[in-house]
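The values are calculated or read from the model by the stated rules, or taken from the named source; none is laboratory data. None of these values were measured; they are calculated from a predicted model. Positions of Cβ are backbone-derived with ideal geometry, glycine not excepted, and every protein chain shown enters the neighbour counts. Surface accessibility is based on the protein's heavy atoms, side chains included, excluding ligands, DNA and RNA. Shrake-Rupley method; radii C 1.70, N 1.55, O 1.52, S 1.80 Å.
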Amino acid sequence: MKRINRHYLVRNFHQAKWDEPVIFELSRKGERGVRIPEAEEEVKAVAGDVMAALPTGLQRKTPPVLPEMAQPRVLRHYMRLSQETLGGDVNIEIGQGTCTVKYNPKINDRLASLPEMAALHPEQPVETVQGILQIMHETDLMMREISGMDRFTFQTASGSQAAFAMASLIKAWHRHTGEDQQRDEIITTVFSHPSDAACPAIKGYKIITIFPDEEGYPDYEAFKAAVSERTAGFICANPEDTGIYNKRIKAFTDLVHEKGGLCGYDQANANGLLGITRAREAGFDMCFFNLHKTFGTPHGCGGPGSGALGVTKELESFLPAPLIDFDGENYLLNHDVPNSIGRVRSFHGVAQVVLKAYAWMRSLGAEGLYEVAKVSVLNNNYLFRKLLEIEGIDSPYDPSKQRVEQVRYTLKKLTDDTGVTTGDIQRRMLDFGLHYWTSHHPYYVPEPATLEPTETPSREELDEYIATLAHVVRECYENPELVKTAPHNSVIHQVDESGMDDPKEWAITWRSYLRKTGAS
Amino acid sequence: MKLGLIVNPVAGLGGTVGLKGTDGMAREALALGAVPKSGLRTLEALKMLESLREDLVIYTASGEMGEAVVRELGFACRVLWHSEKERVTDVDKDTTSREDTRQAAKKILEEGVSLLLFAGGDGTARDVYEAVGESLPVAGIPTGVKIHSPVYAVSPEKAGELARRFLRCEITGLKTEEVLDIDEAAYRQGHVETKLYGYLKVPDDARLMQGRKSGSLLSDESAQKAIALRVVDGMVPEMVYVIGPGSTTRQVMAALDLPATLLGVDIVCNRQLVCSDATEKNILAAISGKESRLVITPIGGQGYLFGRGNQQLSAGVIHQTGPENLMVMATLSKIQALQGRPLMVDTGDPALDRELEGYYQVMTGYRESIMYKVITS
């Protein structure tokens, strides 16, 4: 018998392609999965009229037009769709730079689905939910240790909501000190997340963006020119999307404080910093962590999530209420938050996500968290060195300098040499079952790619990713048409993007699809 | 699919023999041994259209003004304009002229093509602009000595690719780009005098909505309008606003519902027009003894705030307004195209240029600005 040769690391991959209809198209009138039994008379008597609590105006006159399908068909539909995705449990998830996609321990999902957790209701009396309040309180304590902040809330359910809450805190603070009218500007940097600019802009602030200097650091001279008595605050990430850490960050935050502004730290991704640097020592007044990035909870396709938001003592009374307190004996919900920006979400945050982050941290301990940072930085710099050896791949700014947890690369030379763009490579990588992310728009770094390995992959897995990207680069030089017409082995072939900015050409609901396609 | 093509066969000739441009110098250049490359570079661009061969008809001018390369590649070809002159390498005869470019462009416009590709430099862009204005989408293949006008793609291949994507409707948006040209006679004497001659409509390859996490940018025109509204909404009574030339600044006039001088400077006060197409003298008179603001935008692909295409905004004007009273507008795509290079000033007054160096808040949206560096050229 011949042994299978595993010498060539590049995988021969082909994804499932089902041409699966939208679930509404699968609906058959009268078809059903479960026949829900009528409630027993005793139960009815105890429950009373369950609809009574609902105002008449909110009650539907006609039932919603939901798909009607038998169980096996529902199962088959979603199994097929799941085969057409490419998630962190299927591929070596290095390609989604800035997303910090790492392994999410399955046992934590099991914990969150235990009835003790899953059956909880946020309107239960406090004395019956002491366990989860303890977990939230202790997670708060751990986050304080990690960041140097004095108090966290988990009410903000995503990174961008936390960034928005930071803008609200800045506004509330200046209103409190009577300087809100004068301070109408927020400063950010071009390689911070776009939400750091977008959130304060929605809040009504004018946004000033700082560009990088020749070395890739936010230009300090430009920053000095931007900071003034009109500055309400400074919101940035560090390291930025380039993977470069601004080592003069304290000079930036000091300058803002000198002029009376506040500093907010976007630590959505803190993966390279755990146990190494803290928001407090960098001079920030507030920060947030995305638990689905650094703290091992699933991304969940855009939710449910948690953008844990922490502040210093001075800002504690501005946080959304209620805060979770511990009086030495009991855990309680503290609604006495005098300067609160108000609720940003119902209840107290996504408890299951906090539980998973708590379990993740408890399983690693302080030493383990530090190890996470070290391994993710090591993995990243291994990838960085290896990729720079490939013809056509380069990095903006000094490539001899170590990056933190991710790198923004540039494939400009490859594009100049072959005409293949970074977008083409993104599609071609799907033919090998791998992700590859370019950058936010506009492309300040020409033909960008942003890769972030995290601590999850082993060296063998890093090598597979590197070998695959090297394989695609070789294809660019030898057979550029193959790459330009990719994907070939994926769920769909190249999508016609010409209608993408014409609202007549797309629909985000079934109802608008029917309307726009002229069907009844 | 109908594509127009005009090649200026003498473009680039001056460069190879050290002449700064080819305007009126083609015969001298040929005599000096210059080898025409415009056709070859056009060939590189047209090769990118290979995949459209079946459906494509190219409308062009005779001989080396297009027909020759089209036939060489075997594309379907129709000649709409016959130049008297067939080969540029005949030194003893006159070369094709600017008039040939203009006439060919007019014929191509009448034919109703989807896009006009033209090969040449700034002079060629001017001729195309004079013939078709903003009524036809165009794209430039860079083959000339001087390429200051951002109507040109960065390489012939890129021009060909842009044309292909536009013809296939992968790009549907258009943006307005400037046609700039240097006075070559003055340039040969060592003076740079750039003039803004007009605007052409170029396919807008913003690569919208690609990739899941990538928010799409506003189209260039929407961004220009947003910045213009910001300027207009912030206008202070009795303040004199001097609106410089540029496709971004002219949106300020549009937002005020006032007529904009296409290439010149307009002056506005209390939202009313004070002076159209103002000369340096007009400007000095209008701002004398008044508080004023200069509303400007970087011109051309090099990113000049002063000294290229807006000479009316002289050193004297800037002195009188005060360097702290500049209002700089630029869309993010303009800034992105600079690839990190600073903006530049060249007012002709070195001391003033040095004074203007530093960081400026450049307005990039209704509420968005960037801090951007300005240096002397």
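Key figures
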{"read-out": "Rounded to the nearest 20 debye, dipole of the protein assembly as shown from Cβ charges on Lys, Arg, Asp, Glu", "value": "1360"}
{"read-out": "Average Cα contact separation per residue, chain B, under 8 Å, 6 or more apart, as relative contact order %", "value": "12"}
{"read-out": "Distance between modelled label sites at A:Glu68 and A:Leu26, nm, 7 Å Cα→Cβ extension", "value": "1.7"}
{"read-out": "Low-density loop positions, GluC sites (Glu not before Pro), region B:289-368 - DSSP coil, at most 16 other Cβ in 10 Å", "value": "B:Glu291, B:Glu357"}
{"read-out": "Amide H partners (placed H, <5 Å) of A:Thr450, local residues excluded", "value": "A:Gly97, A:Tyr409, A:Trp437, A:Thr438"}
{"read-out": "Among A:Phe326, A:Thr98, A:Gly433 - extreme Cα towards positive end, dipole of chain A, charges at beta-carbon", "value": "A:Gly433"}
{"read-out": "Phi to ³J(HN,Hα) by Karplus 6.51 cos²θ - 1.76 cosθ + 1.60 over region A:264-275, Hz, x for Gly, Pro", "value": "x, 10, 7, 10, 2, 10, 10, 4, x, 10, 3, x"}
{"read-out": "Within chain B, helix-based [θ] at 222 nm, where runs of 4 or more DSSP H residues each add -39,500 (n - 2.57), nearest 500", "value": "-8500 deg cm²/dmol"}
{"read-out": "Accessible surface of A:Leu273 - all protein chains present, 1.4 Å probe, nearest 10 Å²", "value": "10"}
{"read-out": "Fraction of beta bridges assigned by DSSP in region B:232-377 that are antiparallel (%, nearest 5)", "value": "50"}
{"read-out": "List A:Ser27, B:Ser51, ordered by accessible area with a 1.4 Å probe, largest first", "value": "B:Ser51, A:Ser27"}
{"read-out": "Computed helical MRE - 222 nm, chain A, DSSP H runs ≥ 4 contributing -39500 (n - 2.57), nearest 500", "value": "-10500 deg cm²/dmol"}
{"read-out": "Within-12-Å neighbourhood charge of A:Gly368 [Cβ basis; K, R +1; D, E -1]", "value": "-1"}
{"read-out": "Filtered GluC sites (Glu not before Pro), region A:363-405: DSSP coil and at most 15 other beta carbons within 10 Å", "value": "A:Glu389, A:Glu391"}
{"read-out": "Excluding exposed DSSP-loop chymotrypsin sites (Phe, Trp or Tyr not before Pro) (at most 15 other C-beta within 10 Å), longest clean stretch of chain A", "value": "A:104-346"}
{"read-out": "Shape call, the protein assembly as shown: gyration tensor on alpha carbons, a/c limit 1.5", "value": "prolate"}
{"read-out": "Estimated FRET transfer efficiency when R0 is 35 angstrom, pair A:Glu116-A:Met51 (beta carbons, to 0.05)", "value": "0.70"}
{"read-out": "Other-chain or far-sequence residues with amide H under 5 Å of B:Ser292's (modelled H)", "value": "B:Val240"}
{"read-out": "Restricting region A:61-107 to trypsin sites (Lys or Arg not before Pro) in coil, as DSSP defines it, with at most 10 other Cβ within 10 Å", "value": "A:Lys61"}
{"read-out": "With all protein chains modelled, accessible area of A:Asp325 [1.4 Å, Å²]", "value": "30"}
{"read-out": "Rel. contact order, % - alpha carbon contacts under 8 angstrom, at least six apart, region B:2-203", "value": "23"}
{"read-out": "Cβ-Cβ FRET estimate between A:Leu81 and B:Glu111, R0 fixed at 45 Å, reported to 0.05", "value": "0.35"}
{"read-out": "Accessible area, probe 1.4 Å, largest first, for residues B:Asp55, A:Asp180", "value": "B:Asp55, A:Asp180"}
{"read-out": "Distance-filtered residues of region A:5-29 - backbone nitrogen under 14 Å, label point 7 angstrom along A:His471 Cα→Cβ", "value": "A:5-15"}
{"read-out": "Chain A - charge dipole about Cα centre, Lys and Arg +1 at Cβ, Asp and Glu -1, debye rounded to 20", "value": "1060"}
{"read-out": "Distance between region B:103-170 and region A:331-398 - C-alpha centres, whole angstrom", "value": "50"}
{"read-out": "Residue-wise HN-Hα coupling along region B:309-318, computed from phi with Karplus coefficients 6.51, -1.76, 1.60 (Hz; x: Gly, Pro)", "value": "x, 9, 4, 4, 7, 7, 4, x, 4, 5"}
{"read-out": "With DNA, RNA and ligands ignored, accessible area of B:Asp204 (1.4 Å probe; Å², nearest 10)", "value": "30"}
{"read-out": "Prolate/oblate/rounded label for region A:248-382 (Cα gyration tensor, a/c 1.5)", "value": "oblate"}
{"read-out": "Separation in nanometres of the label points that stand 7 Å from Cα toward Cβ, at B:Thr172 and B:Tyr366", "value": "2.4"}
{"read-out": "Efficiency of FRET from Cβ geometry, A:Arg35 and A:Val10, R₀ 41 Å, rounded to 0.05", "value": "0.20"}
